[in-house]
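The values are calculated or read from the model by the stated rules, or taken from the named source; none is laboratory data. Every value quoted in this text rests on a predicted model; they were computed, and no experiment measured them. Quick reminder, even Gly has a Cβ in these numbers, built from the backbone with ideal geometry, and neighbours come from all protein chains shown. Ligands, DNA and RNA are stripped out before the accessible areas are found, and what is left, the full protein with its side chains, is counted by its heavy atoms. Shrake-Rupley method; radii C 1.70, N 1.55, O 1.52, S 1.80 Å.
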Amino acid sequence: MTFAPLSDLPLGRAHCAICVRVVRLWDYCGNKEDMAPLHVDMVLVDDKGNRIYCEIPGSEAEKFKALITEGHVYVLKKFIVTGCKPAYKPFPGNQMIRFTAWTTVEEYNDTSIKFPKYVYDLINFEDFPSRVGQVDCFVDAIGTIVGVSEIVSVHLPSSNNSTAKRVISLKDIRNNRINLVLWGSRASDFDAETVHCIGQESPVVAIFVGMLVKSYKGENTLSGGTACKWYINEEIPEIEAYFDRLNGYRPVSSNSGLLRNRRALKKELCLNFET
């Protein structure tokens, strides 16, 4: 079967097949995570590294979520290519894919073809002020985790229910600092205990994607909802390069496969700073 590159897709109903890895998948439920998703969002990448944002309408979410697993590779047919929505995009782009009730999804198991595992556009901490209040695209960044708060329950003006909140303190290679607030399920999904334990003996370097930059009481803050993902001490070129700049220490793989232990460079990781 011949697959069309994502970069060559024309607008309109697709009359071709694409083969892509689902590198990110998340529900968008508005301000209420306990509701059915209004739509399901994905970041797709082909074997050439071309990427595209994809949206599954809420009416089809249950059917397609049963067929799709984040990280797996699929052949997609009978979808629609449209102009990209103006806000909350994972990265800049002019086009997006929309599923329909007739879209077909088939898992692709040919391991001879290699697909990228990650998609991100890292920005420097110095660029955060220019992104305050901007919602056209999410932001992605890399830094050392230097603080993790406990989860607290807060009430937001936009919701009648309480929501979970956790604060992650990040520092870049130039010692600039910023707090990332994780909300709802993302706050509880963050493995603070493991990060804290590793951080007692070595640096914990992470790439966070899918964030917004906000300002609260004159202080810039990163905000992570359901679109926010993280890659912690992974064997990713940017993380490897970051460790090289931390006095050249190299990673040592652990058995977990998720978190790689890092040798030397004793660093403090405080678990109880004020939220």
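Summary table
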quantity: Qualifying residues in region 88-115 (those that are in a loop (DSSP other than H, G, I, E, B) and under 26 Å from L170 (Cα atoms)) - the one nearest to the chain's Cα centre (by Cα); calculated: P90
quantity: Long-range neighbours under 7 Å by Cβ, at least six apart or interchain, first residue among the charged types (D, E, K, R) within region 120-145, second loosely packed, with under 13 Cβ neighbours inside 10 Å and not in a loop (DSSP other than H, G, I, E, B); calculated: none
quantity: Residues of region 202-218 that turn out to be in contact (Cβ under 8 Å) with a residue 40 or more places away in the chain and farther than 17 Å from R186 by Cα, as a count; calculated: 6
quantity: Residue within region 20-32 that is closer than 17 Å to K78 by Cβ, open to solvent by 10 Å² or more (accessible area, probe 1.4 Å) and among the hydroxyl-bearing types (S, T, Y) present; calculated: no
quantity: Residue match in region 116-127 (condition: open to solvent by 80 Å² or more (accessible area, probe 1.4 Å) and not in a loop (DSSP other than H, G, I, E, B)); calculated: yes
quantity: Qualifying positions in region 63-100 - closer than 26 Å to R131 by Cβ and of a type in the set (F, W, Y); calculated: Y88, F91
quantity: Subset of region 130-163 [more than 16 Å from the chain's Cα centre (by Cα), small (G, A, S) and at pLDDT 90 or above]; calculated: S130, G133, G147, S149, S153
quantity: Qualifying residue in region 84-98 (condition: touching a Pro at 6+ places or on another chain (Cβ under 8 Å) and open to solvent by 30 Å² or more (accessible area, probe 1.4 Å)); calculated: yes
quantity: Within region 180-221, tally of residues that are closer than 25 Å to R245 by Cα and among the acidic types (D, E); calculated: 1
quantity: Residue list for region 186-206, restricted to those being more than 15 Å from E234 (Cα to Cα) and of a type in the set (S, T, Y); calculated: S188
quantity: Among (1) in contact with a Phe, Trp or Tyr (Cβ under 8 Å, 6 or more places away or on another chain); (2) open to solvent by less than 10 Å² (accessible area, probe 1.4 Å); (3) not hydroxyl-bearing (S, T, Y) - the single one E55 does not satisfy; calculated: (2)
quantity: Filtered residues of region 73-83 (kept if of a type outside the set (A, V, I, L, M) and surrounded by fewer than 17 Cβ atoms within 10 Å (Cβ to Cβ)); calculated: K77, K78, T82, G83
quantity: Candidate set from region 33-52 (those that are among the β-branched types (V, I, T) and closer than 13 Å to L76 by Cβ); member that is surrounded by the fewest Cβ atoms within 10 Å (Cβ to Cβ); calculated: V45
quantity: Criterion violated by V154 - all others in (1) open to solvent by less than 40 Å² (accessible area, probe 1.4 Å); (2) in contact (Cβ under 8 Å) with a residue 24 or more places away in the chain satisfied; calculated: (2)
quantity: Pick from region 199-218, criterion open to solvent by 10 Å² or more (accessible area, probe 1.4 Å) and touching a strand residue (DSSP E or B) at 6+ places or on another chain (Cβ under 8 Å), ranking: modelled with the lowest pLDDT; calculated: E201
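Per-residue answers, yes or no, for (1) of a type in the set (S, T, N, Q); (2) surrounded by fewer than 20 Cβ atoms within 10 Å (Cβ to Cβ):
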residue: I145; (1), (2): no, no
residue: I168; (1), (2): no, no
residue: D172; (1), (2): no, yes
residue: N179; (1), (2): yes, yes
